[in-house]
Structures are given as C-alpha cells and as structure tokens.
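Data first, discussion second: the structure below is written as structure tokens.
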Amino acid sequence: EIQRRKEDGQPSLKGLILSSPSNPTGAMLSPDELKELCTLCEEEGIRFLSDEIYHGISYGKEEATALSFSSTAIVINSFSKYYSMSGWRLGWMILPSDLVDSINVLQQNMFINAPTISQTAAMQCWEDETIEELERHVAKYRASREIVLKEMEAVKEIPGKNIAPADGGFYVYVDLGDDNVCMEEGMGSTEMCQRLLETEGVAFTPGTDFEDPANNLGDRRFRISYAGGTTKVKNAMEKFLQFWPTWVNLVKKAK
C-alpha cells in the first residue's frame with residue numbers, strides 16, 4: 001500500500017492501527033515482526049497505533065509491546081480483557097510527548113476522566129493474589145481453546161488452513177470456504193449463525209461484523225468466542241457438530 005500510493009502519486013498513509021493479539025482472528029505478531037513494522041512506520045512517517053488490549057492472554061507465542069521498538073508509537077491497553085473488568089470502561093494510553101497536549105484537549109472535551117470507583121477498583125489488579133487469579137483465567141481460556149480447536153478437527157469440510165492461528169485472545173476465526181456457502185441463495189455465515197442460534201441456542205458471530213463490506217469475505221467467515229468457560233464451550237461445540245451436517249445439506253440443496 002505504501003509503494004502503491006507512491007507510484008500513483010497519492011498522499012502517503014498517515015497512520016496504521018494494528019491489534020496483536022487480534023480480534024477476531026486471535027493472531028499475533030512476533031517481536032521481530034512488530035519491530036520491523038515499527039521501524040517501517042518511523043521511516044515512512046506513519047503514526048503507528050498499537051492496540052495491545054489482549055496482551056497477557058496468549059498461548060506460547062512470545063508477546064511484545066511497540067514501546068520496546070518505537071518512540072513515536074501510540075499504545076492502547078485496557079482493563080477489560082486480561083484483567084476481566086469488562087463493563088468498567090477503563091483503560092490507558094501511552095503517548096509520545098508531542099501528542100500529550102492534543103490528547104489532553106480531546107479528553108477534557110469528551111469525558112474529563114474515568115469514574116473514580118473504576119480507578120479505585122483497578123488498583124487491585126496488580127496485587128499478587130489478583131494476578132494469580134487472572135492467570136487461572138488464562139489457563140481456563142487455554143483449555144477452552146483446545147476444546148474448540150479439537151472439535152473443529154472433526155469438521156472435515158473445513159480444512160485446518162481455514163482456521164486462523166489462535167495465538168492469543170479468546171477467539172477462533174473460521175473461513176467456511178467456497179464449498180460450504182451458497183452466496184447466490186443467501187447461504188453464508190450470517191445465515192448459518194442465525195440458524196445455529198435458533199435451532200441449537202449457540203451464538204457464533206458472522207464475519208460481516210469484522211470484514212470489509214465491499215467484499216463477501218465476511219459472509220463466509222465466523223468467530224467463535226471461548227471466554228464463557230470450558231463447560232459452556234464444550235456444550236456449544238457439541239451442539240455445533242450436531243448442527244453442521246444439516247447446514248452442509250442445506251448448502252448442497254441450494255447449489
């Protein structure tokens with residue numbers, strides 16, 4: 001994209017936002033990949049915004065922060081994911097010095113400050129006993145992740161290459177592939193997720209919430225969340241496997 005804009009005489013990119021671990025895919029950049037990206041952004045004058053909200057929830061792949069490689073990057077983090085304080089609407093931003101005044105102006109006009117009770121509660125997040133409990137949460141995510149990935153192996157119509165690498169976070173992102181959809185008849189992931197919810201009471205999220213609406217990729221992909229606990233995840237995946245042959249037959253008939 002950088003080279004294309006140069007060749008076409010278009011304005012250069014002003015900024016890049018990237019999440020690692022990612023929602024919805026769960027994919028992560030390695031430290032070397034993140035370093036290369038930070039270096040590229042600085043060389044090209046592109047402001048890099050590193051979304052690190054899912055840091056702390058990973059399954060073997062090494063994590064890294066953009067702060068290790070860049071003095072100009074913006075880093076966003078939150079208490080919602082690893083610290084399990086979703087709904088408290090609390091997070092933090094680490095800024096280069098040249099942006100502090102501008103962000104202060106925005107903050108004062110948008111929300112002034114985070115609620116005192118949220119800030120007070122968050123102070124407990126770094127206590128030893130809290131970290132021990134949070135690491136138990138990650139262990140549960142890891143177990144639930146293994147359940148999802150193992151159960152997906154039983155779906156022979158979806159090859160492993162169609163499942164994004166679930167390096168971190170608590171999501172698995174799946175591409176149904178051409179054979180398991182019939183776009184002409186509206187039989188994409190949106191319809192599949194709706195039927196799964198109505199017949200089995202299991203909620204997966206269609207990729208239309210995440211993909212570029214200019215193409216149809218979103219309607220052949222879906223996201224599985226395994227944040228709800230191992231028992232719920234196991235039951236949900238069992239119901240999905242029961243539902244799956246019905247969906248395959250519906251698609252075949254539609255074609």
(request) With the condition kept exactly as written, say whether any residue in the range 213-224 is among the basic types (Lys, Arg), closer than 27 Å to TYR59 by Cα and open to solvent by 80 Å² or more (accessible area, probe 1.4 Å). (result) no
(message) Can you go through ALA139, ALA121 and tell me which one is farther than 29 Å from ALA236 by Cβ and either touching a Ser or Thr at 6+ places or on another chain (Cβ under 6 Å) or at pLDDT 95 or above (or both)?
(response) ALA121
(request) Have a look at GLU238, GLU200, GLU191 and point out the one that is surrounded by 13 or more Cβ atoms within 10 Å (Cβ to Cβ), among the acidic types (Asp, Glu) and within 27 Å of SER84 (Cα to Cα). (result) GLU238
(message) Condition check: under 27 Å from LEU29 (Cα atoms), open to solvent by 40 Å² or more (accessible area, probe 1.4 Å), out of contact with any Cys (no Cβ under 6 Å at 6 or more places or on another chain) and not β-branched (Val, Ile, Thr). Does ALA227 satisfy that?
(response) yes
(request) Would you be able to tell me the number of residues in the range 58-73 that are in a loop (DSSP other than H, G, I, E, B) and in contact with a helix residue (DSSP H, G or I) (Cβ under 7 Å, 6 or more places away or on another chain)? (result) 7
(message) Conditions first: (1) of a type in the set (A, V, I, L, M); (2) open to solvent by less than 60 Å² (accessible area, probe 1.4 Å); (3) in contact (Cβ under 8 Å) with a residue 12 or more places away in the chain. MET93 passes all but one, so which condition is the exception?
(response) (2)
(message) Which condition from (1) among the aliphatic types (A, V, I, L, M); (2) touching a residue at least 24 places away in the same chain (Cβ under 8 Å); (3) over 25 Å from PRO31 (Cβ atoms) is the one that VAL105 breaks?
(response) (2)
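Could you count how many residues in the range 178-227 are part of a loop (DSSP other than H, G, I, E, B), of a type in the set (A, V, I, L, M) and free of Cβ contacts under 8 Å to residues at least 24 places away in the same chain?
Residues flagged as part of a loop (DSSP other than H, G, I, E, B), of a type in the set (A, V, I, L, M) and free of Cβ contacts under 8 Å to residues at least 24 places away in the same chain within the range 178-227 amount to 2.
Out of the residues in the range 108-141 that are of a type in the set (S, T, N, Q) and open to solvent by 60 Å² or more (accessible area, probe 1.4 Å), which is nearest to THR231 (Cα to Cα)?
GLN124
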(request) Could you look through the range 44-90, keep only residues that are of a type in the set (Lys, Arg) and without any contact (Cβ under 8 Å) to a residue 60 or more places away in the chain, and pick out the one that is surrounded by the most Cβ atoms within 10 Å (Cβ to Cβ)? (result) ARG47
(request) Please go through the range 151-177 and pick out each residue that is assigned to a helix (DSSP H, G or I) and buried (at least 22 other Cβ atoms within 10 Å of the Cβ). (result) none
(request) Considering only residues that are in contact with a helix residue (DSSP H, G or I) (Cβ under 8 Å, 6 or more places away or on another chain) and assigned to a strand (DSSP E or B), look in the range 36-57 and name the one that is farthest from SER22 (Cα to Cα). (result) ARG47
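The values are calculated or read from the model by the stated rules, or taken from the named source; none is laboratory data. Predicted, not measured: the structure shown is a model, and the values here were computed from it. Neighbour counts run over all protein chains shown; Cβ positions are idealised from the backbone, glycine included. With ligands, DNA and RNA removed, areas are computed over all heavy atoms of the protein, side chains included. Shrake-Rupley method; radii C 1.70, N 1.55, O 1.52, S 1.80 Å.
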